[in-house]
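So the structure is just underneath, and the comments pick up after that.
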Amino acid sequence: MIDIKQIKEFVKENLDELNYMHTKKVVKIALALAEKEGANKEIVEIAAWLHDIGKSDKDNTLIGHHSLGVKIAEDLLKKKGTNPELIKEICHIIETHMGPPTGKFLLSELKKAGRRFDFPRPDTKESKIVYDADMIDLCSPLGIAKIIHLRTKYGKDFLDSIESAKDTAFAAYNDLQTKSGKELGERYFKVSKEFFEIIEGK
Ligand SMILES: [Fe+2]
Ligand SMILES: [Fe+2]
């Protein structure tokens, strides 16, 4: 049995405020989906807490944070004496959480690095749930605010940032994997869609 409190403390100490806030939302959504989908809640909760731990390294890139996250999580869980099978399942979830695969921003970052979207995809109930929770937060009002903030912070024009947030939110919503994820995602995304419609004067 892993002490969730210790994992949470580790994540809080290592992530910046924005990523910690996002992680807390992902954990909450992932647990709600795990309940509905009858998934292993312990695995889902630990993986959700650790899914973006690769972002604790400020020099790491967006396209590298999932593989760095696997290394950090593996080290941490080994130190805590976690069952190797459990570590494998948790790391698989972290490894497969990269998305959305059609998001223009992600694709342009990959292109800069001379790559295509070649990440392993979520293929277990638990990995699909954490993936969905991450995508739901991304297409929610908080996710949109986060994208606009980050794009403008790194020099993008304000209107371009809104366009980029819209593209990412639609791509994230369209890539939801589970039935419960699609149902919950629709609720969050509805507000986001209205937000863009109002901005565009529709
Ligand atoms: Fe991530
Ligand atoms: Fe995330």
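Lys28 meets each of the listed conditions (1) under 18 Å from Asp137 (Cα atoms); (2) surrounded by fewer than 21 Cβ atoms within 10 Å (Cβ to Cβ); (3) away from ligand 2 (no atom under 14 Å from the Cβ); (4) at pLDDT 95 or above apart from (3).
Per-residue answers, yes or no, for (1) out of contact with any Asp or Glu (no Cβ under 6 Å at 6 or more places or on another chain); (2) away from ligand 2 (no atom under 15 Å from the Cβ); (3) in contact (Cβ under 8 Å) with a residue 12 or more places away in the chain:
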{"residue": "Lys55", "(1), (2), (3)": "yes, no, yes"}
{"residue": "Thr61", "(1), (2), (3)": "yes, no, yes"}
{"residue": "Lys80", "(1), (2), (3)": "yes, yes, yes"}
{"residue": "Asn83", "(1), (2), (3)": "yes, yes, no"}
{"residue": "Cys91", "(1), (2), (3)": "no, yes, yes"}
{"residue": "Ile94", "(1), (2), (3)": "yes, no, yes"}
{"residue": "Lys104", "(1), (2), (3)": "no, yes, yes"}
{"residue": "Ser108", "(1), (2), (3)": "yes, yes, no"}
{"residue": "Phe119", "(1), (2), (3)": "yes, no, yes"}
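The single condition among (1) part of a helix (DSSP H, G or I); (2) within 19 Å of Leu184 (Cβ to Cβ) that Gln6 does not satisfy is (2).
Taking the conditions (1) modelled with pLDDT of 95 or more; (2) more than 21 Å from Phe119 (Cβ to Cβ); (3) among the basic types (Lys, Arg) in turn, Lys58 satisfies each one other than (1).
Determine which member of the set Ile87, Ile94 is within 27 Å of Asp118 (Cα to Cα), more than 16 Å from ligand 1 (Cβ to nearest atom) and in contact with a helix residue (DSSP H, G or I) (Cβ under 8 Å, 6 or more places away or on another chain).
Ile87
The values are calculated or read from the model by the stated rules, or taken from the named source; none is laboratory data. Computed from a predicted structure; not experimentally measured. Virtual Cβ from ideal backbone geometry, glycine too; neighbours counted across all protein chains shown.
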